[in-house]
Amino acid sequence: MNSGLAFLHTARSNVELFARLAERLDPSVPTRHALIENVLADAVGTGAVTDAMRDETEAAIRGLAQDGATIVVCTCSTIGGVAEATRVDGVRVMRIDRPMAEQAVASGRRIIVAATLPSTLLPTTSLIRQVARDANRAIEMVEWLCEDAWPHFERGDVSGYADAIARSVANIARPLDIVVLAQASMAPAEQPLAASGILALSSPELGVRAALTACREQSA
């Protein structure tokens, strides 16, 4: 089994989240992690991806490659497009939210893209539109910002964060909609949304499964 799987994070809480998830799904694959927290802080401050954020993301990916990574998964949706566009010989760079976007488009439902940071909405909606074009599928998509949720995340209040997302999304979701939780940090909201009868997709497990499949393909 290929052991060159690495994750690039912008939130410290995602290091443990993805380490546990990869261990649960396939403990035979060692993983490594890199953290560039200031990129997320800059995204919150500017609301967009800057050249400095782009440069730091690319440098982090190249650093992981130099350490032996052959698959790098960016777990931050805000810089997912930047990461995916980075070219390093012998390295496949994946964005954690692409499998989620593919599943949402394939569902044939109206897609609500929910985010807790404005900077994440454009990258996620752009990805979904790209996936829809590639699949030649017409989609209806609605953007939704859960404005009151992010302070809970900053305080480390995971349950409060999830509940705030669920309450906000419930204001817009229809019975046949599918909700895309744009940030990996939003995954805990899947359960309270499901309890309300709302179907939601989050990126961590779908993305890690795709990365592990890529590992198996590399080692075949």
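Of the DSSP H helices in the chain, those that are both long (alpha-carbon extent of 18 Å or more along the helix axis) and hydrophobic (Kyte-Doolittle mean at least -1.0) are 12-25, 51-66, 118-135, 203-219. Dipole magnitude for region 21-67: about 140 debye, using +1 per Lys or Arg Cβ and -1 per Asp or Glu Cβ, origin at the Cα centre.
Counting only protein heavy atoms and a 1.4 Å probe, region 35-114 has 41 square angstrom of accessible area per residue.
Of the residues Thr75, Thr125, Ala65, the one whose Cα sits farthest toward the positive end of the charge dipole of the chain, with +1 on the Cβ of Lys and Arg and -1 on the Cβ of Asp and Glu, is Thr125. Of the three principal axes defined by the Cα atoms of region 1-149, the extents in descending order read 42, 34, 29 Å.
Of the trypsin sites (Lys or Arg not before Pro) in region 64-95, which ones lie in a loop per DSSP and count no more than 13 other C-beta atoms within 10 Å? Show your work: numbers first, answer last.
Values: sites: Arg87, Arg92, Arg95; in loops: Arg87.
Answer by residue number: Arg87.
Just the protein heavy atoms count here, and of the accessible area of the chain at 1.4 Å, carbon and sulfur take up 48 percent. The calculated pair-distance distribution of region 96-187 uses every alpha carbon pair, bins of 10 angstrom beginning at 0, and gives 17, 50, 27, 5, 0 percent.
Thr50 sits among other residues whose Cβ lies under 10 Å from its own Cβ, and their net charge, with Lys and Arg +1 and Asp and Glu -1, is -3. Per residue of the chain, the DSSP helices (runs of n ≥ 4 H) give a summed -39500 (n - 2.57) that works out to -15500 deg cm²/dmol at 222 nm.
I'd like the per residue volume of the convex hull spanned by the Cα atoms of region 1-41, given in cubic angstrom.
Cα convex hull per residue, to the nearest whole number: 49 Å³.
The values are calculated or read from the model by the stated rules, or taken from the named source; none is laboratory data. Everything numeric in this text was worked out from a predicted model, so none of it was measured. FYI the Cβ positions are ideal-geometry reconstructions off the backbone, even for glycines, and counts take in every protein chain you see. Each accessible area value is taken on the protein alone, full model and side chains, heavy atoms only, with ligands, DNA and RNA left out. Shrake-Rupley method; radii C 1.70, N 1.55, O 1.52, S 1.80 Å.
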